[in-house]
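Heads up, the thing below is written out as structure tokens.
The values are calculated or read from the model by the stated rules, or taken from the named source; none is laboratory data. Source: prediction; values computed, not measured. Ideal geometry is used to build each Cβ from the backbone, glycine not excepted, and the neighbour counts take in all protein chains shown.
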Amino acid sequence: MSDENINIRNLRQDYKSSFLLETAIETDPIKQFDKWFKHALDVKILEPNAMTLATVDSSGFPNARIVLLKEFNQNGFVFFTNYNSAKGQNISFNPNVSLLFFWVELERQVRIYGTAEKLTEKDSEDYFHSRPHGSQLGAHASPQSQVIPNREFLEKELKNLELEYNQKEIPKPLHWGGYLVKPVKIEFWQGRSNRLHDRILYTKNADASWKIERLAP
């Protein structure tokens, strides 16, 4: 066994910054998420809206990547992407997805299980036109997840689009838009000492209320 492996095995952090008790949580997980998210903003975590999106492809393989949360409300959690991308194809095959936030500075995780559905075209249009000019062009320039010959291919596409839409409104690509992840389970994880972490699971009931349970770490 190499020294590098021995060193990796010895890497550990004892979590002591906070705790999560049933007596101090919201009965609604969206309100609990809002509380934690605002705390992450207050302590100026780098990109607190970065989340891992996990999907499953048609072969049964899981796929995970980082996307950015752009909105959340009582309906769920919103992100935007190219519908022709690998994630878009996966969601088309199987809309069941999971989201993961890991705020290491706060020793916290949030795991969200739900189903993804496309936003309305108007909602996607409104957000698209709020994006920076370069991001709008990038949505046209990149055939996301497809094989391309080289970096120059993208740069050439971008330059052509800059000329085409110089001083013009950039239309939203038909293949680009948002998804709403409607949660059925949300788990809040707070790191604790000796790996005896706090895990509180909210599960949506048939009447839209939430069952709250503690899980063993």
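Here are some notes:
- Residue satisfying condition, being closer than 25 Å to PRO143 by Cα, surrounded by 19 or more Cβ atoms within 10 Å (Cβ to Cβ) and among the basic types (Lys, Arg), within set LYS87, LYS122, LYS118, LYS70: LYS87
- Restricted to the stretch 198-207, and to residues there that are under 23 Å from the mean Cα position of the chain (by Cα) and not aromatic (Phe, Trp, Tyr), the residue that is farthest from GLN13 (Cα to Cα) is LYS204.
- Residues that are exposed (fewer than 11 other Cβ atoms within 10 Å of the Cβ) and of a type in the set (Val, Ile, Thr) within the stretch 143-170 comprise just one, VAL147.
Quick grid of which residues meet (1) at pLDDT below 95; (2) under 26 Å from the mean Cα position of the chain (by Cα); (3) part of a strand (DSSP E or B); (4) aliphatic (A, V, I, L, M):
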position	(1), (2), (3), (4)
GLN146	yes, yes, no, no
LYS168	yes, no, no, no
LYS172	no, yes, no, no
GLY178	no, yes, yes, no
VAL181	no, yes, yes, yes
VAL184	no, yes, yes, yes
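- Meets criteria (out of contact with any helix residue (DSSP H, G or I) (no Cβ under 7 Å at 6 or more places or on another chain), closer than 21 Å to LYS185 by Cα, small (Gly, Ala, Ser) and at pLDDT 95 or above) for GLY76: yes
- Filtered residue count, the stretch 99-115, keeping only those that are of a type outside the set (Phe, Trp, Tyr), crowded, with 16+ Cβ neighbours inside 10 Å and farther than 12 Å from LEU180 by Cα: 8
- For the stretch 122-138, the criterion of being within 30 Å of THR27 (Cβ to Cβ) and either in the same structural domain as LEU68 (by TED's automatic domain parsing) or under 22 Å from the mean Cα position of the chain (by Cα) (or both) is met by at least one residue.
- Scanning the stretch 30-84 for residues that are within 16 Å of PHE101 (Cα to Cα), assigned to a loop (DSSP other than H, G, I, E, B) and within 16 Å of the chain's Cα centre (by Cα) turns up ILE45, LEU46, GLU47, PRO48, ASN49, LEU69, LYS70.
- Cβ-Cβ contacts under 8 Å between residues 6 or more apart (or on different chains), taken from a first residue in the stretch 197-212 that is aromatic (Phe, Trp, Tyr) to a second residue that is exposed (fewer than 12 other Cβ atoms within 10 Å of the Cβ), are listed as TYR202/LYS211; TRP210/THR27.
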